[in-house]
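One structure below.
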Amino acid sequence: MDNEVKRIPCKNKNCDKTILEATTKKTGGYCYPCYNAIQAKEREEYIRKNRRDVNLYDGINHPVEIIKIMHKDKKYDPLIKYIDYSKTKEEMYNILSINDIEKLKKYAMELYTNNNDEWEQILLHLVCFTGANIDECLKILIDDCKIYEPSLFKNASDDIAKLLIEKLECKDDRVSINHILISLAMIGNHRVVEAFNEWKKNEPEFSKDLYCKPYEYSLEGGWILDSEGKRKNLYYKKSYGIKEEIPKKEGSVKFFEKHNEKCQWCKRKLTSLFTIDLHNEDMAFLGFKEDKISISICENCTCYGFIYTNIDEEGNAIWSEYNIKPEYLYVPDDVEEFNYDKEIYIDDNVKTENYAANQFLDVKFTKIGGMPTWIQDAEYPQCPKCGEKMMFVGQVSMEDLEEYGEGIYYGFICNECKIAATGYQQT
């Protein structure tokens, strides 16, 4: 037994581990878990005592310069806490003058030339927040075959649509046909509608490796070709976002309220994704005739596929006979109700159709109206009664309801058949 290795108890009285003599010389008598914990605590204390606030906006007043700083990638340093600006990106973009917008476009393309990826975020926010036309930037991107972010083409002119169609026909190996078709769908003007109609009648050569027909890409732009070959929108041009401040008067929309109607699959109570007061003039753009309308989800089952509800005369959601139970559906034994950290309220400031329409914008994504924020491919459900594509009404981002929330719930309606649908996407 003389060869038995001697082990020493860890110096921490609350620890039952033993260590080798050689380890004590390195750790001062502590086992490695305790030693690492002490080191981490000492580092935390050092950071707490030495951390300093840094205000990159100090002395900066021009909105263009402030926006540049907002987009700049800040190198992580545990000893530095960067002070947020008093206004959001959205607020800063909304006060830009025409001259300011031109300066930002020029700055973005300078970043592009220098291979700094911040250029794309700046142009994206310009398009979605200000409605800016960035044709001169898009021409450079098209020439370089850097057509990666279709949302940049939302406000593009007919000249840009023409250039994109020419790119499809040039057989350039650098060209992503998928991205060009989505970009064309985002433009969605008369030239694009004509092209999609032509490709519907005569399938083009470039489409042989696509997973769907070229004209079906229109869904990515929020529209379809109707029976007469005309553009039919699947979203409302007007939109409203949310805020966390409690409003002075009752808002036109209530989010995530429980009601007595139950899911017929898991027996949980349905949750109103949103209930809209249609007497409120802000919601008149929806064109519904009811007093209110409630579009509902099952918090357990909607993530497995679309859930349909019939809308009764009072605007209430009733479980629909058109629901088809998916082959796989996990139903927990307990019927525990979900609770959320935050409450959200409708913001009565009108937004553009592009507001929160791209998942890489710096905004809250819950909204009524406008274009959906697709996390995956565009997915507008068909009305189970008439077969027509359903209209997007609004969405709720779970990130807006709880700290680590994931995914977005989407609400749709067929106004003719009085049937609503809800779906869900996440990364």
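Bear in mind these aren't lab numbers, they're just calculated from the coordinates by the rules spelled out. As the structure is a computational prediction, the values presented were derived from the model and not from experiment. We place every Cβ from the backbone using ideal geometry, glycine too, and count neighbours over all the protein chains shown.
The distance from the alpha carbon centre of the range 286-348 to that of the range 245-267 is 9 Å, rounded to a whole number. Does the range 296-351 classify as rounded, prolate or oblate by the C-alpha gyration tensor (a ≥ b ≥ c root eigenvalues; a/c under 1.5 gives rounded; else a/b over b/c gives prolate, otherwise oblate)? It is oblate, given that a/c is not under 1.5 and a/b is not larger than b/c.
I want to check a number: in the range 243-310, how many lysine pairs have alpha carbons closer than 16 Å, given a sequence separation of 8 or more or different chains?
Going through the range 243-310 pair by pair, I get 5.
Here the contact order of the range 295-338, divided by its residue count and restricted to Cα pairs under 8 Å and six or more residues apart, works out to 32 percent.
Database remark: amide H of TYR424 closer than 5 angstrom to the amide H of TYR410 (H placed geometrically; neighbours at sequence offset of 5 or more, or on other chains; Pro and chain starts carry no H). Shape of the range 301-427 from the C-alpha gyration tensor: oblate (a/c of 1.5 or more and a/b not above b/c, with a ≥ b ≥ c the square roots of its eigenvalues).
Quick one: which of LYS167/LYS201; LYS146/LYS208; LYS167/LYS237 span more than 24 angstrom between C-alpha atoms? From the list (LYS167/LYS201; LYS146/LYS208; LYS167/LYS237), the Cα-Cα distance tops 24 Å for LYS167/LYS237. Two numbers describe the Cα atoms of the range 7-50: Rg and Dmax, which are 11.9, 39 Å. Find, among the chymotrypsin sites (Phe, Trp or Tyr not before Pro) in the range 192-237, those assigned to loop by DSSP (not H, G, I, E, B) with at most 13 other beta-carbon atoms within 10 angstrom. Passing sites in the range 192-237 are TYR211.
The loop-placed trypsin sites (Lys or Arg not before Pro) in the range 340-409, going by DSSP, that have at most 16 neighbouring Cβ atoms within 10 Å of their Cβ come out as LYS342, LYS385.
Kindly point out which whole DSSP H helices in the chain project their C-alpha atoms 27 angstrom or further along the helix axis while averaging a Kyte-Doolittle hydropathy of -1.0 or above. In the chain, no H run is both long and hydrophobic enough. Translational diffusion coefficient of the range 1-140 (Stokes-Einstein, Kirkwood radius from Cα pairs, 20 °C, 1.002 mPa s): 108 µm²/s. Each principal axis of the chain carries a Cα extent, and these read 94, 57, 53 Å when sorted largest first. Going by neighbour counts of Cβ atoms within 10 Å, the residues CYS266, CYS31 line up, fewest first, as CYS266, CYS31.
For the range 133-233, the convex hull drawn through the C-alpha positions has a volume of 87 cubic angstrom per residue. Identify the chymotrypsin sites (Phe, Trp or Tyr not before Pro) of the range 29-126 meeting these criteria: DSSP loop state and at most 14 other C-beta atoms within 10 Å of the C-beta. Here the sparse-neighbourhood loop sites are TYR76.
Remark: relative contact order (the range 355-403) = 39 percent; criterion is Cα-Cα distance under 8 angstrom and separation of 6 or more residues. Pairs of Cα atoms nearer than 8 Å and 6+ residues apart set the relative contact order; for the chain it is 11 percent.
Using DSSP, restrict attention to beta bridges with both residues in the chain and report what percent are antiparallel, rounded to the nearest 5. Taking every DSSP beta bridge with both residues in the chain, the antiparallel ones total about 95 percent. Residue pairs exceeding 25 angstrom between C-alpha atoms, taken from LYS364/LYS389; LYS87/LYS351; LYS162/LYS200: LYS364/LYS389.
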